[in-house]
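The values are calculated or read from the model by the stated rules, or taken from the named source; none is laboratory data. Because the structure is a prediction, the values reported are computed rather than measured. Note: ideal-geometry Cβ built from the backbone for every residue, glycine included; neighbour counts use all protein chains shown. Just the protein is used for accessible areas: all its heavy atoms, side chains included, with ligands, DNA and RNA removed. Shrake-Rupley method; radii C 1.70, N 1.55, O 1.52, S 1.80 Å.
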Amino acid sequence: MKIRPTKGLTFDDVLLVPKRSPVKSRQEVDTSTWLTPGIRLQIPIVSANMDTVTEAAMAIAMARAGGIGIIHRFMTVEQQARQVARVKRAEAFMVEHPYAIRQDATIAEARRLMQVHEVGGLVVTNGGEELIGLVTQRDVLLAPDETAPVGSVMTPPDQIVSVPPDTPPEEARALLHQHRLEKLPVIDRQGRLVGLITAQDLVKHQRYPNATKDSKGRLRVGAAIGVKPQDMARAEALLEAGADLLVVDIAHGHADHCIQMVKDLRRAFPEAQIVAGNVASREGARDLAEAGVDAVKVGVGPGSICTTRIVTGFGVPQLTAIMNSVQGIADTGRRVPVIADGGIKTSGDMVKALAAGASTVMIGGLFAGCEEAPGATVIRDGQKFKVVRGMASLGAAMGRKAVEKSNEDESAESQEDWEKVVPEGVEAVVPYRGTVNELLYQLVGGLRSGLSYGGALTIEELQTNAEFIEITPAGVRESHSHDVNRL
Ligand code: XMP
């Protein structure tokens, strides 16, 4: 037995001491950071892989704002891959495999396909690579006879304006405007249809200048996996669907099977960006870094819905966990960013996590009340709420069992009695908070001011300059508004 000589500290235990600052305007500072060595973000915020926080809608909003979302894993492989694909399809310089329909299909079928895929038009082919027409919503919306063939309303090839591959976006934009078009098929020298440039994508590109995108202009997205043997197949399906990073996510990430999983993934997918966690100690972060991860996820028990520390007695207050993990990674000589996961209640907490050495923060509970989070809004006493649940809560465990059943994967674990489950998380309601963009605006605004107080133009400078001061309960009380009646 040993007792660590230092106290464990968390966000409310400290403040940052203001530093002489060169910053004149909050707009001057740079909030960009590395999520992994291969992925740069314009804002250091990641939405958590929880089933009440991140599916496609949240991941799209996060990436458009310059952060990223990690799709949770508590669904079938096919469902999770579809969620990833939805994000990757949300926008691109060029849609690579545009939805197609045959010339002899009915107008009703065209309407149905546009609705299912949420697109405003389809390319018409006869199953091959030759473009034989374009049909858009306008062509089918008020067509009197639903049973008529698509060929009767489509724009024929001789009236279609098309472009060759590698057409610069400005040129595509000019053509779309000049001809008042919405879609521009991309045709190669051999006359094959290779993609579609849409006016919508160009508009999105302008509207979200900070978006986190891959080399094809598609939004980036991460996806979580576990450590069971079948998770290798899940990893493959997710990468196939276009996932930009895999997050090996288990409650106790400093475990032999997690380290082995990282090594297996590295070997099987050498090009993939791989994150693993969660850990909360110097040794835990060191071992994952040595196993070859591209980022370490740090946090055991700080989450808003976590009861791990109460149920098991284990955990490390989050600020200390971040600092120790950063040291553990430095011991290896590798440059591996830390994702501070859990316990972020305010922009001030985020600034402290970054100042302590994290490159990004992962947020769950705070985002669960947002419009883009999965789940319906409930009204209680005239107020709007949404549900959040820990991934180790009883409700989440029951949800998982339902997924396993639908998957016909009756493993020993899924035979469990519910009385035997020992939850390490709770279910709760959080106030409805509107769109995540509004919340991000406040969080990033706080970070910009924080950088200025820290005498820093960048997050790296904030880390270099950071000086924490421990505070007492009186200091905590003084920090919040006090001795006034808040309206
Ligand atoms: P916040 O504070 O942002 O934290 O809501 C989100 C993180 O909490 C972790 N998490 C859990 N931890 N039991 C736990 O001990 C759980 O049931 C649970 N569910 C989520 C997770 O790391 C998440 O990102």
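For segment 148-293, the orientation-averaged shadow of the C-alpha convex hull comes to 13.6 nm² (one quarter of the hull surface).
Between GLU371 and VAL203, the FRET efficiency from the beta-carbon distance, with R0 = 22 Å, is close to 0.55. For segment 100-202, a Kirkwood radius taken over Cα pairs fed into Stokes-Einstein (4 °C, viscosity 1.567 mPa s) yields D = 93 µm²/s.
Taking Cβ atoms as reference points and 14 Å as the exclusive limit, the residues near ARG189 contribute a net charge of -3, counting Lys and Arg as +1 and Asp and Glu as -1. The packing ranking, built from the mean of other Cβ atoms within 10 Å per residue, places the peptides 445-456, 361-372 in the order 361-372, 445-456, highest first. Placing R0 at 30 angstrom, the Cβ-Cβ distance between ARG192 and PHE269 gives a FRET efficiency of 0.50 after rounding to 0.05. Averaged per residue, segment 334-487 has 54 square angstrom of accessible surface, using a 1.4 angstrom probe with ligands and nucleic acids left out.
Got a sec? Which residues in segment 335-378 would a label at LEU457 touch, if it sits 7 Å along Cα→Cβ and we count backbone N under 20 Å? Within reach of a label on LEU457: 355.
Based on the Cβ-Cβ distance of ILE3 and LEU487, what FRET efficiency does E = 1/(1 + (r/R0)^6) give at R0 = 41 Å, to the nearest 0.05?
0.30
Here the chain exposes an accessible surface that is 51 percent carbon and sulfur, computed with a 1.4 Å probe and the other protein chains kept in place. Candidates GLY328, VAL388, VAL84 compared by Cα position along the dipole of the chain: farthest toward the positive end lies GLY328, with charges placed on Cβ.
Per residue, the solvent-accessible area of segment 95-249 (1.4 Å probe, heavy atoms of protein chains only, all protein chains present) comes to 54 Å².
The distance linking segment 302-359 with segment 417-483 is 12 Å (Cα centroid to Cα centroid, whole angstrom).
The peptide list 16-27, 252-263, put in order of mean Cβ contacts within 10 Å with the highest first, becomes 252-263, 16-27. Charging the Cβ of each Asp and Glu at -1 and of each Lys and Arg at +1, and nothing else, the dipole of the chain about its Cα centre rounds to 1200 debye.
The alpha-carbon positions of the chain define a convex hull whose volume is 208 Å³ per residue. Once the Cα-Cα distance is subtracted from the 0.36 nm per residue extended length, the HIS117 to GLU470 segment shows a gain of 121.7 nm. Simple spin-label estimate for ARG334 and LYS228 gives 2.7 nm between the two label positions (7 Å along the Cα-to-Cβ direction from each Cα). For segment 323-387, the list of trypsin sites (Lys or Arg not before Pro) that fall in a loop by DSSP and count at most 10 other C-beta atoms within 10 angstrom is empty. Listed cross-link partners LYS213/LYS263; LYS19/LYS297; LYS228/LYS263; LYS297/LYS401; LYS88/LYS216; LYS19/LYS352 are compared with a 19 Å cut-off, the Cα-Cα value being larger for LYS213/LYS263; LYS19/LYS297; LYS297/LYS401. Sorting 4-13, 220-229 by their mean Cβ neighbour count within 10 Å, with the most densely packed peptide first, gives 220-229, 4-13.
Evaluated with a Cβ-only charge set (Lys, Arg +1; Asp, Glu -1), segment 100-202 carries a dipole of roughly 100 debye about its Cα centre, given to the nearest 20.
DSSP assigns beta bridges within the chain; of those with both partners inside it, close to 50 percent run antiparallel.
Gain in length, HIS257 to ARG40, computed as 0.36 nm per residue apart minus the alpha-carbon separation, to one decimal in nm?
75.2 nm
For the chain, the mean residue ellipticity at 222 nm estimated from helices alone is -10000 deg cm²/dmol, where every DSSP H run of n ≥ 4 contributes -39500 (n - 2.57) and the total is divided by all residues, rounded to the nearest 500.
Remark: spin-label model distance GLN178-THR76 equals 4.9 nm, labels positioned 7 Å along the Cα→Cβ axis.
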